[in-house]
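In what follows, a single structure is set out as structure tokens and then discussed.
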Amino acid sequence: KDKRKVLNRAIHARRQPGSTIKPLISYIPAIENFNYTPVTFIDDAPVRFGNYVPSNFDGKFRGPITLRSAVSNSINIPAVKVLSDIGIQNGITSAERFGIPFSKEDYNNLSISLGGFYKGVTPMEMARAYMALANKGIYKEVSIIRRIENSNGIPIYEFNQTAQQIITEETAFIMNNILQSTVKSGTARKLSSLALPLAAKTGTAQLPDTKEFKGINGIKDSWVVAYNPDYVVTVWMGFDITDKKHFLPT
């Protein structure tokens, strides 16, 4: 039995994806199947869904804003409202096409629109999902092993990559254009200093709302996914175990 205790965070570490999930679960299916556009207005105003009351990171409400502004500035309430409008199952089905896994606890839970997953996603899964956007809506399985050869140089295994058009090229173009706004003027605008054509989405997961973290300003996980047609880069920052001494400052 393999008893190696090796943690490869790229493929093993499951973390809450924060706002990086918003395009995959809320906005892409809304654009693809429910006639949303970049200029569709969404009311950023207080709302309650049963016992769930979503809030924005800065505690402010902006009133009617465009979908483009909601995405590029990563406003929470519009993402929740859109997922509620299109239906949680439709959002999950969309994200699953991008290779995002869900637990049974995630169903009927609107907080997944903000990355509130029961188990979470790995950096590799997130990179693979955004690779489909970079590739005009074509999803490809990925592997770190392309080929295995025996001692005689004869291939005994080759990775057979499959490809599938999971959203239309038009929807991919629209979302890529919106996420370019995230770099130009939104939450990823620091990337504009690289002078590269990039689209990006940022995300954070807040510290647990428990007594241990009362009065502490910080975050649990921080993400950014940046890409163009040639490269996709996913960066996660955080601690394997988050406690009062191990968290990310705001």
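In 10 Å bins starting at zero, report the fraction of Cα pairs in the range 1-73 per bin as a rounded %.
14, 36, 26, 13, 8, 3
About its Cα centre, how strong a charge dipole does the range 12-123 have in debye, to the nearest 20, once Lys and Arg get +1 and Asp and Glu get -1 at the Cβ? Don't skip to the end; give the middle numbers.
Details: 11 positive and 8 negative charges, 48 e Å.
Charge dipole, the range 12-123, about its Cα centre: 220 debye, nearest 20.
Over the range 77-232, what relative contact order in percent results from Cα pairs under 8 Å that are six or more residues apart?
Details: 196 pairs, mean separation 26.5, N = 156.
Relative contact order of the range 77-232: 17 percent.
Give the relative contact order (percent, whole number) for the range 174-214; include only Cα pairs under 8 Å separated by 6+ residues.
Details: 31 pairs, mean separation 14.3, N = 41.
Relative contact order of the range 174-214: 35 percent.
Grab the other residues whose beta carbon is less than 15 angstrom from that of Asn176, score K and R as +1, D and E as -1, and report the net. It would help to have the intermediate numbers written out before the result.
Working: positive: Lys22, Arg68, Lys136, Lys184, Lys201; negative: Glu32, Glu169, Glu170, Asp230.
Net charge in that neighbourhood comes out at +1.
For the range 42-96, what does the alpha-carbon gyration tensor say about shape, rounded, prolate or oblate, given a ≥ b ≥ c as the root eigenvalues, a/c under 1.5 as rounded, and a/b over b/c as prolate? Can you show the working numbers first?
On the way: a/c = 2.04, a/b = 1.33, b/c = 1.53.
Verdict is oblate for the range 42-96.
Between the range 96-129 and the range 178-192, what is the separation of their alpha carbon centroids in Å?
About 23 Å separates the Cα centre of the range 96-129 from the one of the range 178-192.
If R0 is 35 Å, what FRET efficiency do you get for Arg147 and Thr93 from their C-beta distance, rounded to 0.05? If you can, show how the numbers build up before the last one.
Numbers: r = 34 Å, r/R0 = 0.96.
With a Förster radius of 35 Å, E is 0.55.
What share of all Cα pairs of the range 183-250, in percent, falls into each consecutive 5 Å distance bin?
That works out to 4, 15, 23, 18, 13, 12, 9, 5, 1, 0, in percent per bin.
How much length would be gained if the chain were fully extended between Asp240 and Ser111, taking 0.36 nm per residue of separation minus their Cα-Cα distance, in nm to one decimal? Provide the component values of the computation, followed by the final result.
Working: separation 129, 0.36 × 129 = 46.44 nm, distance 2.25 nm.
Using 0.36 nm per residue and subtracting the Cα-Cα distance, I get 44.2 nm.
Could you tell me the center-to-center distance, by alpha carbons, between the range 1-63 and the range 199-223 in angstrom?
Between the Cα centres of the range 1-63 and the range 199-223 lies a distance of 14 Å.
In debye, nearest 20: dipole of the chain around its Cα centre with unit charges on the Cβ of K, R (+) and D, E (-)? All intermediate terms of the calculation are to be shown ahead of the outcome.
On the way: 30 positive and 21 negative charges, 156 e Å.
Around 740 debye, computed over the chain.
Jot down the radius of gyration and Dmax of the range 51-136, Cα atoms only, both in angstrom.
13.6, 39
Which of the residue pairs Lys60/Lys81; Lys5/Lys220; Lys211/Lys244; Lys190/Lys214; Lys22/Lys119; Lys119/Lys220 have a Cα-Cα distance greater than 19 Å in the structure shown?
Working: Lys60/Lys81 16 Å; Lys5/Lys220 24 Å; Lys211/Lys244 11 Å; Lys190/Lys214 30 Å; Lys22/Lys119 17 Å; Lys119/Lys220 14 Å.
With Cα atoms farther than 19 Å apart: Lys5/Lys220; Lys190/Lys214.
Which whole-number percentage describes the relative contact order of the range 105-163, with Cα contacts under 8 Å and a sequence gap of 6 or more? Working shown, then result.
On the way: 41 pairs, mean separation 12.4, N = 59.
For the range 105-163, the relative contact order is 21 percent.
Going 7 Å from the Cα of Ile156 along its beta-carbon direction, which residues of the range 1-45 have the amide nitrogen within less than 20 Å of the resulting point?
Correct set: 1-2.
What full-extension length gain, to one decimal in nm, is calculated for Lys104 and Lys214 as 0.36 nm per residue of separation minus the Cα-Cα distance? Could the numbers behind the result be given before it?
Values: separation 110, 0.36 × 110 = 39.60 nm, distance 2.94 nm.
Fully extending the segment from Lys104 to Lys214 adds 36.7 nm.
Accessible area per residue of the chain at 1.4 Å probe, in Å²? Don't jump to the answer; show the numbers that get you there.
Values: 14030 Å² over 250 residues.
Accessible area per residue: 56 Å².
How much length is gained if the chain between Thr168 and Leu196 is pulled fully straight, taking 0.36 nm per residue apart and subtracting their Cα-Cα distance, in nm to one decimal?
Working: separation 28, 0.36 × 28 = 10.08 nm, distance 2.53 nm.
Gain in length upon complete extension: 7.6 nm.
Scattering from the C-alpha atoms of the range 128-192 alone, worked out with Debye: what is log10 I(q)/I(0) at q = 0.16, 0.17, 0.24 1/Å?
Taking Cα atoms of the range 128-192 as identical point scatterers yields -0.67, -0.71, -0.96.
For the range 5-59, what is the charge dipole size about the Cα centre, in debye to the nearest 20, if Lys and Arg each add +1 at the Cβ and Asp and Glu each add -1 at the Cβ?
In debye, rounded to 20, the range 5-59 gives about 560.
Restricting the calculation to Cα positions, tell me the Rg (one decimal) and the Dmax (whole number) of the chain in Å.
18.9, 67
Calculate, in whole percent, how much of the Cα-Cα pair population of the range 97-168 lies beyond 17 Å.
58
Whenever you get a sec, compute what percent of the accessible area on the range 1-110 sits on carbon and sulfur atoms (1.4 Å probe). Mind showing how you got there, number by number?
Values: 2780 of 5680 Å².
Of the solvent-accessible surface of the range 1-110, carbon and sulfur hold 49 percent.
Could you give each residue of the range 132-143 its phi-based ³J(HN,Hα) in whole Hz, using Karplus coefficients 6.51, -1.76, 1.60 with θ = phi - 60°, and x for Gly or Pro?
5, 5, 5, 10, 6, x, 9, 8, 10, 5, 10, 8
Charges on Cβ only, +1 for Lys and Arg, -1 for Asp and Glu, centred on the Cα centroid of the chain; of Ile216, Leu196, Gln89, which one is farthest towards the dipole's positive end?
So the residue furthest toward the plus end is Ile216.
For labels at His12 and Thr250 in the simple 7 Å Cα→Cβ model, what's the distance in nm?
3.3
What's the whole-number percent of alpha carbon pairs in the range 66-202 lying beyond 21 angstrom?
More than 21 Å apart: 53 percent of the Cα pairs in the range 66-202.
The values are calculated or read from the model by the stated rules, or taken from the named source; none is laboratory data. Predicted model only: the values in this text are computed from it and were never measured. A quick note on method: Cβ atoms are made from the backbone with ideal geometry, for glycine too, and the neighbour counts reach across all protein chains shown. Surface areas here come from the heavy atoms of the whole protein model, side chains and all, with no ligands, DNA or RNA. Shrake-Rupley method; radii C 1.70, N 1.55, O 1.52, S 1.80 Å.
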